[in-house]
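No value in this document is a laboratory result; all are computed from the given coordinates. From a predicted model like this one, the values you see are computed outputs, not experimental measurements. Please note: Cβ atoms are built from the backbone with ideal geometry, for glycine as well, and neighbour counts cover all protein chains shown.
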Amino acid sequence: MNPLTTRLIIAAAAVFALATLCFAQEHVKATNLGDGTQFKGTTIKMKDKGKVAYVLSFKAGKEFEATSDGTNNTDVNLYVYDQAGKQVGKDDSPGPKCSVKLTPDKDGKYKFVITNSGGENTVAFKVTVAQ
């Protein structure tokens with residue numbers, strides 16, 4: 001195989017992988033939970049390879065911390081996206097606990113995507129906004 005063909009194949013594979021990731025992120029139906037300062041938390045029963053998404057609104061300049069914690073030792077991950085769909089935070093460390101801190105630079109809605117793998121789990125999702 002010549003070098004040009006190899007580069008084209010690698011580029012096509014990279015584009016396909018990126019498109020697959022973007023498609024998966026965009027097609028998670030999100031539940032709007034309203035104002036982040038009023039949100040008290042929720043508990044989610046998640047299946048193996050499960051995914052849920054929530055939307056909360058926040059004011060500029062007020063730091064918030066989003067956390068998730070599972071009752072079982074599965075791999076729970078937390079991803080945060082801004083209104084434009086850009087990932088602005090994540091905790092994809094191994095285990096059932098996640099934490100992401102952000103300070104919005106403008107008023108807006110943020111999407112929180114929680115994933116679970118390694119078995120069923122009951123996951124608590126909370127958001128704390130700085131006073």
| query | If Ala66 satisfies every condition in (1) free of Cβ contacts under 8 Å to residues at least 40 places away in the same chain; (2) surrounded by 14 or more Cβ atoms within 10 Å (Cβ to Cβ) but one, which is the exception? | reply | (1)
| From Lys62, Lys97, Lys51, Lys45, which residue is closer than 15 Å to Lys29 by Cα, touching a strand residue (DSSP E or B) at 6+ places or on another chain (Cβ under 7 Å) and among the charged types (D, E, K, R)? | Lys51
| said: Condition (residue is surrounded by fewer than 16 Cβ atoms within 10 Å (Cβ to Cβ), in contact with a Phe, Trp or Tyr (Cβ under 9 Å, 6 or more places away or on another chain) and not basic (Lys, Arg)) applied to the range 107-114: is it met by at least one residue? | reply: yes
| query | If Leu78 passes every condition in (1) assigned to a strand (DSSP E or B); (2) touching an Asp or Glu at 6+ places or on another chain (Cβ under 6 Å); (3) over 23 Å from Lys40 (Cβ atoms) but one, which one does it miss? | reply | (3)
| task | State all residues of the range 26-63 that are crowded, with 18+ Cβ neighbours inside 10 Å and part of a loop (DSSP other than H, G, I, E, B); if no residue qualifies, say none. | result | Gly36, Phe39
| request: Look at Ala84 and say whether it is of a type in the set (A, V, I, L, M), part of a loop (DSSP other than H, G, I, E, B), surrounded by fewer than 17 Cβ atoms within 10 Å (Cβ to Cβ) and free of Cβ contacts under 8 Å to residues at least 12 places away in the same chain. | output: yes
| Just to be sure, is Ala66 of a type in the set (A, V, I, L, M) and outside any loop (DSSP other than H, G, I, E, B)? | yes
| If you scan the range 81-98, which residues turn out to be in contact with an Asp or Glu (Cβ under 6 Å, 6 or more places away or on another chain) and either basic (Lys, Arg) or over 18 Å from Ile44 (Cα atoms) (or both)? | Val88, Pro94, Lys97
